[in-house]
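**Q** Please find one structure pasted underneath; my questions will follow.
Values in this text are rule-based calculations from the coordinates and carry no lab data. All values derive from a computational prediction rather than experimental measurement. For neighbour counting, all protein chains shown are included, and Cβ atoms are generated from backbone atoms with ideal geometry for every residue, glycine included.
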Amino acid sequence: MEKKNIDWSNLGFGYIQTELRYVSCYKEGAWDEGTLTGDANVVLNECAGVLQYAQTIFEGLKAYTTDDGHIVAFRPDLNGERMEASARRLEMPVFSKERFVDAVTKVVSANAAYVPPYGSGATLYIRPYMFGVNSVIGVKPAEEYQFRIFCTPVGPYFKGGARPLTICVSDFDRAAPHGTGNIKAGLNYAMSLHPIVKAHREGFDENLYLDPGTRTKVEETGGANFLFVTKDGGIVTPKSDSILPSITRRSLMHVAREYLNLKVEEREVYLEEVKDFAECGLCGTAAVISPVGKIVDHGREICLPSGMTEMGPVTRKLYDTLTGIQMGRIEAPRGWIHVIE
Ligand SMILES: *Cc1c(COP(=O)(O)O)cnc(C)c1O
């Protein structure tokens, strides 16, 4: 298979249309068998459920080329499982995780020419999503849905090395207790746009959202979970029902425990104790871990001892180990690497 003529290492994070995407339709209580299509446009009725009441959920994962030349995806079953949970919470039909993995496999295979070569730092970003399509004017769930997956090649997240981020404690809330913070729904992103635009305007890279109930505990950013390193080298990650369960963060916790023999705790983390940590990172598919150098709480600066020039040593070890596992340089736990071809 001949690769597309793309300057892989200079790609940004944007949408590049590829030839084929997957679509399955849900009608009269059942999903059809699904198919690949060349049509990148979705035509909807003006009254479609997704347009009126935002009934839409999504996932994000990556396919890439390993050390030994295979095209693989990282733990797609967990994305499928999480999308099942998202669908249930928004009264959408479940597209099974088995079919999800099968559809991911088909889309990546069909677009193999767009999977960046090993060593380029680039990946094929995969975007599964589902939305209500029939007309809904009274507030209720749609009866017809589309599940779709497209993919787009994206560049290396850190061009020229990871730069530690400066983040600010937001006055806005991300997700209410017992709300939708733990599912991957478009609505959680719509409401985060104003706070992130404001944060960027004020010179920050990201927002740190607190728990809305007490505004004393760390939740997450708009799109990544927190991971902290204690001064004695242990890992702490916030526990809350309104945090999106990041697959990267869950994988890093496993790596910390099983590969690096570190103590790992998932517990409530108070903003007040952040000044006592040695390192801080943000976990998500896009960057794996982005180091955080500084957290600004209404003018009060909390500077992580790891500083503003590079990743802290424990964050670095976690990053190198997980990316090593992903790329096939380090043996992966059973089932983590889904070989596509
Ligand atoms: C997607 C997402 C993450 C990261 O999850 P991964 O599975 O690691 O990509 C973290 N927080 C939020 C709010 C998200 O939407």
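**Q** For region 1-64 and region 67-135, what is the separation of their Cα centres, given in Å?
**A** For region 1-64 versus region 67-135, the Cα centre distance is 10 Å.
**Q** Still on this structure, please answer the following. Under a plain spin-label model, where a point goes 7 Å from the Cα along Cα-to-Cβ, how far apart in nm are C47 and D241?
**A** 3.6
**Q** Report, in deg cm²/dmol and to the nearest 500, the calculated mean residue ellipticity at 222 nm for the chain, where each DSSP H run with n ≥ 4 adds -39500 (n - 2.57) and the sum is divided by the residue count. Kindly include the intermediate steps, with their values, before the conclusion.
**A** On the way: 7 runs with 74 residues, N = 341.
It lands at -6500 deg cm²/dmol.
**Q** Okay, next question. For P313, what is the net charge nearby, where nearby means another residue's Cβ is under 15 Å from its Cβ and Lys, Arg count +1, Asp, Glu -1?
**A** Result for the neighbourhood of P313: -1.
**Q** Could you go through region 35-48 in sequence order and give the Karplus-derived ³J(HN,Hα) for each residue, using 6.51 cos²θ - 1.76 cosθ + 1.60 with θ = phi - 60°, rounded to whole Hz, and x for Gly and Pro?
**A** Each residue of region 35-48 in turn: 7, 8, 9, x, 7, 8, 9, 10, 9, 10, 5, 4, 9, 4 Hz.
**Q** Name the shape class, rounded, prolate or oblate, that the alpha-carbon gyration tensor gives for region 76-124, where a ≥ b ≥ c are the square roots of its eigenvalues, rounded holds for a/c under 1.5, and otherwise prolate holds if a/b is larger than b/c and oblate otherwise. Spell out each step's value before the answer.
**A** Values: a/c = 3.48, a/b = 2.35, b/c = 1.48.
Because a/c hits 1.5 or more and a/b exceeds b/c, region 76-124 counts as prolate.
**Q** Pop the C-beta distance of E341 and K231 into the FRET formula with R0 = 30 Å and round what comes out to the nearest 0.05. Spell out each step's value before the answer.
**A** Details: r = 46 Å, r/R0 = 1.52.
After rounding to 0.05, the efficiency reads 0.10.
**Q** Same structure, new question: Order by neighbour count: L318, L61, fewest other Cβ atoms within 10 Å first, most last.
**A** Details: L318 28, L61 24.
Ascending Cβ contact count within 10 Å gives the list L61, L318.
**Q** Along the charge dipole of region 184-341, Cβ charges K/R +1 and D/E -1, which of N225, A199, V296 sits furthest on the positive end?
**A** Working it through, the farthest residue towards the positive pole turns out to be N225.
**Q** Quick one: length gained pulling E143 to N261 fully straight, 0.36 nm per residue minus the C-alpha distance?
**A** Full-extension gain reported as 37.6 nm.
**Q** Under the rule of at least 5 residues apart or a separate chain, name every residue whose amide H is placed under 5 Å from the amide H of I330.
**A** Amide H neighbours of I330, under 5 Å, 5+ apart: I325.
**Q** Among the lysines in region 97-244, how many pairs, 8 or more places apart or on different chains, have alpha carbons under 28 Å apart?
**A** So the count of such lysine pairs works out to 16.
**Q** Here is a follow-up. Considering only the other residues whose Cβ falls under 14 Å of the Cβ of R257, what net charge follows from Lys and Arg at +1 and Asp and Glu at -1?
**A** On the way: positive: R249, R250, K263, K317; negative: E258, E265, E266.
Summing Lys and Arg as +1 and Asp and Glu as -1 gives +1.
**Q** In the neighborhood of K27, defined by Cβ-to-Cβ distances under 11 Å, what is the net charge if each Lys or Arg adds +1 and each Asp or Glu adds -1?
**A** -4
**Q** Please give the FRET efficiency for M308 paired with D102, using the beta carbon to beta carbon distance and R0 = 30 Å, rounded to the nearest 0.05.
**A** Efficiency at R0 = 30 Å is approximately 0.10.
**Q** I would also like to ask the following. Any chance you could run the full-extension gain for D68 through H178? It's 0.36 nm times the residue separation minus the Cα-Cα distance, nm to one decimal.
**A** The D68-H178 span can extend by a further 35.1 nm.
**Q** While we're looking at this one, here's another question. To the nearest 0.05, what FRET efficiency results for R329 and N5 with a Förster distance of 22 Å applied to their C-beta separation?
**A** 0.20
**Q** Also: For region 121-200, take the convex hull of the Cα atoms, compute a quarter of its surface area, and give me that in nm², please.
**A** Result: 8.4 nm².
**Q** Then there is this: Label-point separation (nm) for D32 and S109, each offset 7 Å from Cα along Cα-to-Cβ?
**A** So the two model labels end up 2.0 nm from each other.
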